[in-house]
1. Can you give me the Kirkwood hydrodynamic radius for chain A, using every pair of distinct Cα atoms, in Å to one decimal?
2. Order of A:S26, A:S430, B:S207, A:S360 from fewest to most other C-beta atoms within 10 Å?
3. Across the range A:86-181, how many lysine pairs, 8 or more apart or on two chains, come within less than 27 Å at their alpha-carbon atoms?
4. Whole-Hz ³J(HN,Hα) for each residue in the range A:86-102, computed from phi via Karplus 6.51 cos²θ - 1.76 cosθ + 1.60 with θ = phi - 60°, x for glycine and proline: what do you get?
5. Restricting to Cα pairs below 8 Å that are 6+ residues apart, what does the relative contact order work out to for chain A? Please round to a whole percent.
6. State the antiparallel share, in %, of DSSP beta bridges confined to the range A:132-286, rounding to the nearest 5.
7. Using modelled amide H (1.01 Å from N, peptide plane; none on Pro or chain starts), what sits under 5 Å from the amide H of B:T60, excluding residues fewer than 5 places away?
8. Answer rounded, prolate or oblate for the range B:133-195, using the Cα gyration tensor with square roots of eigenvalues a ≥ b ≥ c: rounded when a/c is under 1.5, else prolate when a/b is larger than b/c, else oblate.
Amino acid sequence: MTNFTLDRRSLLKGGALTLATAATMSAEELLGYAKAWAQTAPWKPEAGAKVNLLRWKRFVEAEDVAFMKIVDAFQKAFNVTVNVSNESYDDIQPKASVAANTGQGLDMVWGLYSLPFLFPNKCTDMTDVADYLGKKCGGWADSGKAYGMLGNKWIGIPVAATGGLVNYRMSAAEKAGHKEFPKDLAGFADLIKGMKKNNTPAGMALGHASGDANGWLHWALWAHGGNLIDKDNKVVINSPETAKALEYVKGLYDNFIPGTASWNDSSNNKAFLAGQLYLTVNGISIYVASKKDAPQMSADINHAHLPAGVDGKTRELHLGFPILVYNFTKFPQTCKAFTAFLLEPAQFNPWVEAAQGYLSPFLNDYQKNPIWTADPKNTPYRDVAKTANTPAGLGKMGENAAAAIADFVVVDMFANYCTGREDVKTAMASAERSAKRIFRG
Amino acid sequence: MSIVQASMPPQSATAELPSVWQRLRTNKNLVALWFMLPAAAFLILFLAYPLGLGIWMSFTDERIGRAGIFIGLENYEWLWSDTIFWLSVFNTLLYTLIASAIKFAIGLYLALLLNRHMPFKAMIRAIVLIPFIVPTVLSAIAFWWIYDAQFSIISWSLIKLGLIDHNINFLGDTNWARGSVIFANIWRGVPFVAITLLAGLQTVSPSLYEAATLDGATDWQRFRHITYPLLTPIIAVVMTFSVLFTFTDFQLVWALTRGGPVNATHLMATLSYQRGIISGRLGEGAAIATAMIPFLLAAIAISWFGMQRRKWQQGSDND
């Protein structure tokens, strides 16, 4: 396949064709494509650049394989080195923070949530990359902009998000009287109650699980009209709406499988796959794992968005995956070129397919990828960008909101009330106090 | 004598010049100072400087990636009225007191047992060390599975035996969670206490026991009046270290519970990490870490002043 080296003209002519061939590109073809891309790319990597990239450790193996293929093609086409290291979800942030503080060790991080907002003045301005990709791929979803922009500047590129959606066993839901997945809060509470009665319990994390617990508890807060901060970033957590959310979550918690207060991000995956848990909020990784290891279970699994809030709108907090480039890197052009290359249709489409629904895009065109409709159980994860809110909710994303979510202010408030450690008023007052401290000045 | 000094001829001063150098060159104290310099530099660079920096940071509002400005005692004032901080102080003290006391009791018991003559003595002594050798994070992960809300081997066994009918909520219930992390810490810390006390026991001369036996002393009397007094200095050292290690424990709790459920197992060290590194507020995290220093100094002071006393050194009442 060495004769498959696209030159610039045939690449441009290819247009739509590249998208179709992308999914089946072999390593050599990918390299040929990468070489052609290198000629036209607006970023010229520094000669002999050595880039250290830190990313989160995969949950879906095929996704990682596809990612490394892209890295490989990029290295060969540009004659640069990209060292990829992996860390678990929980260890990404401390490492990235230390690098930001010391100004060395890493050039770019593909991290979680609002990582770039924890140290915005250490991030390279990525506006040119974002504009380039937006133009090419049908524009950014609003949530993508919220996740990437500080003011008018892009401080990170939101590569994708993994949706925090309901994973449930259809048979158990049906037995609890819900053939159709409930669309409102009351129906959802009824479903959870019914499942407990049938001894097919639901469960969502209330421990310090940065992905799972933050995700569904922010949904519960927002669904009842509660917010940590208003649009001017003023703390408004102590409100009747929050009190309603607390009561609602307590009602759910009382019907959960025991032990959710100690759960971390992997606990629900384990319990679900072991057949002890029948409903939870998670990425698509449970379904993906069950397809391989427990086909019978996978036939019974389905996904749904969390029910709409009291105002009829669905606001969810998904786990965003932003990529950031430090401003102290010696190779900003290489890092930018790599980020753009990663999100080009020729790379991104096969990668999204390999991730089997684990990576939901913020760039509009990628919602057309066949992976979202080939299996209808994947479809809810396509629309993650539409329901996604940043941890700031109504407010503006910034280092304070990033600090609040990292300090589990909202999670602790719910857990304090649900486990009976504090009453509604005290739980709200403690959260208000912590939040005011973070958002001071 | 003053006359001699006053009448010192001026030329003798100039004549002394080379001899000052000579004296400096041969001065043993100065040479010793030079020899100590690398060690001192090491201590200053890796101990004093980070400690000083941490204390300074606690008076600023520094965040990750952004230098802070001096804000005086604001971090401490905030912590003073922060219930989670006081909960972590309580947890840390509870954790340290209970774990250290039990570690001492079990460690001493094990040391006395291991000091006896028995078959495979060397092998058994080696086995006792295993919990201490296993990396903390590994043992924490093992305990995490043992305590899992759904897959706990303990719950499973008890259910199969028909003793309980549902899983024990080891890490989800506040009291169970505290007990569980303390147990894990004890499991890990006992070998250190046991082996060190065993080393102390070996230094007790057997002739003392022989003499006591001839005098008709009972087992308890021999322990109380020979073993215990002679062991006191080493007990003081071991327990100081044990308390310090336990007080500053981090890995075990972080891997097991991350301070949950509802902060019931947050130690000062884990809270400091969560606020300082995870949440990015270095100033506040540093303030929590600095707040640990008085407690640690108190622990050191107790054993330091204790060891100055002859009663502790020699185990007798003649102080």
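1. Result for chain A, one decimal place: 22.4 Å.
2. B:S207, A:S26, A:S430, A:S360
3. Value for the range A:86-181: 11.
4. Residue by residue, the range A:86-102 yields 10, 9, 5, 2, 6, 9, 4, 5, x, 5, 5, 5, 5, 4, 5, 6, 8 Hz.
5. 26
6. 80
7. Those qualifying (amide H under 5 Å, at least 5 residues apart or on another chain) are B:I71.
8. Prolate.
Rule-based calculations on the coordinates, nothing more; no lab input. Here the structure is a predicted model, which is why all the values come from computation and not from measurement. Backbone-built Cβ (ideal geometry, glycine too); neighbour counts: all protein chains shown.
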